[in-house]
Amino acid sequence: MAASLERIGTVSSHYVFYLVLSLQLLLVGVGRTGTAAAADDAPCARNCTCGGEASVDCSHLDLTSIPPDLPVRTVSLNLGHNKLTSINMEALADLPNLRELRLDHNELTSIPELGQASSRVALLYLHHNKIRSIDGTRTKELVSVETLDLSNNDITELRTHCFPAGLRIKDLYLASNKISMLELGSLDHLGSTLQVLRLSRNRIGQVPVRAFQLPGLTQLELNRNRIRQIEGLTFQGLSSLEVLKLQRNNISKLTDGAFWNLAKMKILHLDYNSLTEVNSGSLYGLSSLQQLFLSNNSIAHINPDGWQFCQKLRELNLSYNNLTRLDEGSLAGLGDLHSLRLGHNSIGHVAEGSFRGLKSLRVLELDHNDISGTIEDTNGAFSGLDGLHRLTLFGNKIKSVAKKAFSGLDTLESLNLGENTIRSIQPDAFSKMKSLKMLLLQSDSFLCDCQLQWLPGWLLTRRLQAGVNATCAHPESLKGTSIFHAPASSFVCDDLPKPQITLQPETTVTVLGSDVRLTCTAASSSSSPVTFAWRKDTELLRNGDVENFAHARAPDARPSPQHAAGRYQCIITNHFGSSYSGKARLTVNVLPSFLKTPRDSTIRTGHTARLECAAEGHPAPQIAWQKDGGTDFPAARERRMHVMPDDDVFFIMDVKPEDMGVYSCTAKNTAGVVSANASLTVLETPHLAQELEDRSVAVGDTVALQCKALGSPPPRISWLHNDQLLRPSDRLHFTPGNRLLVIGAARPEDAGRYTCLMSNTLGTERAHSRLQVSRRHGPCAAAGPAGPSTVTIGIIVIAVVTSIVVTSLVWVCIIYQTRKKSEECSVTNTDETIVPPDVPSYLSSQGTLSERQDVCIRVDAGPQPNGHIDTTGFDGTAVCADCMENGNSYSRDPDYAGHGFGPAASEYQQRPMTQHRPHTPPHPAGHRDAFCNGTPNGIRRDAPQGTTLPRNHHTSQQNHSDREGSLSGRTDTPAQDESYHHPQPHHPPPSHTGQAGRRH
């Protein structure tokens, strides 16, 4: 029993131990649970509010320091709207979970030092304090901050040290400060993380080019600054930017490339600025732009090519600008546009085709403009808007709706015509709008006549009457009655209160400077005051001279001449509506006027001549060129002339002397013709047209040396004998210009080298010819007496006269027949220089052509190779008196008479030579004994027997007159050619005193 009791006691002790152990464990577990519960139920900081997700709100408590009893679990702490001037770092050290700290609306003057919390805080709000600068040593500690709000402070500048490297800021708010200095590269250290940058409401006057090297930035706000101009490449470095806000600056100009490198930009705000235009260059690079806000600017004109670089645009806002018209194609290229807002402008005209190409447009707002004629008189103004759903024309000046005003709007669902004093709507004006669900129409001025009878029934049928408030103003019996309540039978056309055009203006063609009068008249049964207006090319004519003649007649328009051409239309309006006349076209032809005129030019041969000529006029004048009054251009024949069709320049390549002349530029159109002249002078160094040849002459003979010198200006010619200058003497004679040197009665000392010295302003050239003088051989050298010394034998000068390039005809004396040995030759003195027949006439340096000579030359032995005259068988050179009758006509140079000829030169004697042949019959009485024609027998070798004098051999005065008439730049007349080539029957002139012999 005792053992049993012992065992029982042992077991009981074990149970007690386990029970005690269980109670202790239970107490420990309860203690721990109570501690945790106590921690969760710990009280919030004094006067603060603790919310869910471990947020503590201590704002609006006028705190000057951070409460020391902040819960340890705090994740978000709001200390805004207090009076904190500094931060106690120890108060934040026990908040290991702190992620968001709000210190806005306090009195901090610098970025506070957060101690250990600076490495944990991700959201730091410091806006609405008094921070004056950004200390880089403080921001360097904010290594975990992703959002930093420093807006509404007193920060004045951003410099490179403000945000050192190592920060992870994504959103930086610096709006509403006093920043005026934006140092280049001040934010570059945030380039890898920064996504949103707000710099609105500062004092930034200029954004430096490439100021932002932030490749990850997606949104930049610069609105409400003082920026006036955006330079090209300003935003280069923002390759990821999607939203740019620049509204409410004073931007007046966007230079080309202002938004270059913003290929990902989707939204651009430029509203509330001072822009006057938007061109393609300023929007270059915005290939992804979808929304463009340009409202509240001063844009007066839409550049048609302004949208070529942003063709993905879906929303365009141009409201509150100064637009007055929409021209055709002004919005071309915006095929993806969905919304177009043009309200609150001054648009008075919408041209046909203005919206062509906007196939995706759904919303078009044209409210609060000056639109009237677009709806009243234009057809197809809205063509191209095949997908439009909503059209707003609220608050315009529409008085009537034409039948085809809304043609093309088949898908329109909403049409707002409210706040327009509409008086009439033509039948079926809305009939093609099959999808129309809402029509807003308010007017108490309707003319309830037969043309409006259709409207009430149509509105009721389409169930559109809810948005229509329309009452009648005429006839008087229906005044104030709703169109839905007026009986259908009352819509009649008993009178015509609305003006009706009775005389249309007519199309006119006129010339600038003349008066033009366009007349338009109308009739109306109403006594309502009538107003008149003229419209030119769809715009009201305000500066024209207008006269009002009668109540029902439109004032005649006198267009201003400067820009008078166009289409004119008169508009006659009274209380019941407006009537539009047809459009009369006025064409103004303007006489051509030169913009560029050719100028006189001087150029050397081988160079390129350039002549300019341009003219303006209406129609555009045609330009034509002439040379010396004709169309023969040597340069054109040789393919050296170049005239560009679209250029104003006329080129002559490789200029030659024949290009010299007067060039005329003529501008011609239907109004008239004008012309301008310019002289082209070609400079050419002196040179020979024909090389000098060595000559040989017998003693006592006459020889001529010819120097055909060419050049421009015409060269001066001098002769040298053995390098000694020659001067005129009794044996040396020069023709005018010194081209021909005649040496009479050659002597041995005349032999030697003769030099022709040619010189002008471009240089001097020399040509040489050697003359040999030999003794005379043959019977003629001793035949015939020398004659008494008192008889002046004279100098027999052989002159060769030919024309230059233009005439090229040689006038030769008519050859008279003489007897073989009995013919007598008169040895004659004359004051005329006689030249050989092979020497042509020429153009003197004074520009006059030398006179032709009638000469008689012996050429019995044929022409000599050296050009001298062979006088074998004669005592001196044989010349007939008839050849010398016009001796004074050789040269008109007053100084020429002094070249070795005196008054005694007019005296001469004739010595007949009686050498008879057996078969020669006696000479008839009353005729000369001999005729000299340059042959031994007095017969021209190329003429048949019986050749007689030509018609022009009778008088020297007549010959002179004929020659003067043929030297003005033309060739010989056919009559002269005929007289030269075809001999006429011989009729001895009555003025001849000698006897004419005939050979049998």
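When every alpha-carbon pair in region 356-399 is counted, what percent end up more than 16 Å apart?
Values: 387 of 946 pairs.
Within region 356-399, distances greater than 16 Å cover 41 percent of Cα pairs.
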Self-check item: region 614-707: trypsin sites (Lys or Arg not before Pro) in DSSP coil with no more than 16 other Cβ atoms inside 10 Å
Solution: ARG639
Quiz item: Local charge sum around PRO68 (other residues, Cβ-Cβ under 12 Å, Lys/Arg +1, Asp/Glu -1)?
Solution: -2
Self-check item: From phi via Karplus (6.51, -1.76, 1.60), per-residue ³J(HN,Hα) for region 274-282 in Hz, x at Gly/Pro
Solution: 10, 5, 10, 7, 10, 10, 5, x, 6
Quiz item: What spacing in nm lies between the two simple spin-label points modelled at LEU123 and LYS312, each 7 Å away from Cα in the Cβ direction?
Solution: 3.2 nm
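Pop the C-beta distance of GLU506 and ALA624 into the FRET formula with R0 = 22 Å and round what comes out to the nearest 0.05.
Working: r = 35 Å, r/R0 = 1.57.
So the FRET efficiency works out to roughly 0.05.
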Quiz prompt | Extension gain from GLU157 to MET653, taking 0.36 nm per residue of separation minus the Cα-Cα distance | solution = 171.9 nm
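When Lys and Arg each count +1 and Asp and Glu each count -1, what net charge do the other residues less than 10 Å away from HIS81, Cβ to Cβ, add up to? List each step's numbers first, then the result.
Working: positive: LYS83, ARG102; negative: ASP62, ASP104.
So the environment of HIS81 carries a net charge of 0.
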Quiz item: What residues from region 167-190 fall in the zone where the backbone N is under 20 Å from a label point 7 Å along the Cα-to-C-beta line of SER133?
Solution: 174-175, 177-189
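Pop the C-beta distance of ARG599 and SER514 into the FRET formula with R0 = 41 Å and round what comes out to the nearest 0.05. Mind dumping the intermediate values first?
Working: r = 33 Å, r/R0 = 0.81.
Here the calculated transfer efficiency is 0.80.
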Quiz item: So, in Å, what gap is there between the alpha-carbon centers of region 55-89 and region 459-520?
Solution: 75 Å
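In region 323-493, what % of DSSP beta bridges are antiparallel (nearest 5)?
Numbers: 1 of 22 bridges.
Rounded to the nearest five, the antiparallel share is 5 percent.
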Quiz item: If one computes the Cα centroid of region 187-232 and of region 727-774, what distance in Å separates the two points?
Solution: 92 Å
Exercise. Set the Förster distance to 45 Å, then compute FRET efficiency between GLU53 and GLU231 from the Cβ-Cβ distance, nearest 0.05.
Key: 0.40
Quiz prompt | Cα gyration tensor shape for region 106-258, rounded if a/c is under 1.5, else prolate or oblate | solution = prolate
Self-check item: For region 414-438 versus region 260-291, the gap between their alpha-carbon centres in whole angstrom
Solution: 36 Å
Self-check item: Charge sum, other residues only, whose C-beta stays under 12 Å from GLY395's C-beta, Lys/Arg counted +1 and Asp/Glu -1
Solution: -3
Quiz item: Using modelled amide H (1.01 Å from N, peptide plane; none on Pro or chain starts), what sits under 5 Å from the amide H of VAL145, excluding residues fewer than 5 places away?
Solution: ARG168
Practice problem: Please work out whether region 597-685 counts as rounded, prolate or oblate from its C-alpha gyration tensor, where a ≥ b ≥ c are the square roots of the eigenvalues and a/c under 1.5 means rounded, while otherwise a/b larger than b/c means prolate and anything else oblate? | Solution: prolate
Quiz item: What nm value, rounded to one decimal, do you get for the distance between LYS83 and ARG462 when each label is placed 7 Å out toward the C-beta?
Solution: 7.0 nm
Quiz item: Got the relative contact order for region 412-483 handy, in percent, Cα pairs under 8 Å and 6 or more residues apart?
Solution: 32 percent
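So, with +1 on the Cβ of K and R and -1 on the Cβ of D and E, and no other charges, what is the size of the charge dipole of region 597-754 about its Cα centre, to the nearest 20 debye? Write down the numbers at each step before the final one.
On the way: 17 positive and 21 negative charges, 57 e Å.
Here region 597-754 has a charge dipole of around 280 debye.
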Self-check item: In nm, spacing of pseudo-spin labels at HIS485 and GLU616 (7 Å Cα→C-beta vector)
Solution: 6.4 nm
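From the P(r) of region 323-493, can you give the percent of Cα pairs sitting at distances over 23 Å?
Details: 5303 of 14535 pairs.
For region 323-493, the fraction of Cα-Cα distances above 23 Å is 36 percent.
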Exercise. Compute the relative contact order of region 337-412 as a whole-number percentage, counting only Cα pairs closer than 8 Å that sit 6 or more residues apart in sequence.
Key: 33 percent
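Only the coordinates and a few stated rules stand behind these numbers; no lab work does. Computed from a prediction, not measured in an experiment: that's the story for all the values here. Reconstructed Cβ throughout: ideal geometry from the backbone, glycine too, with neighbour counts over all protein chains shown.
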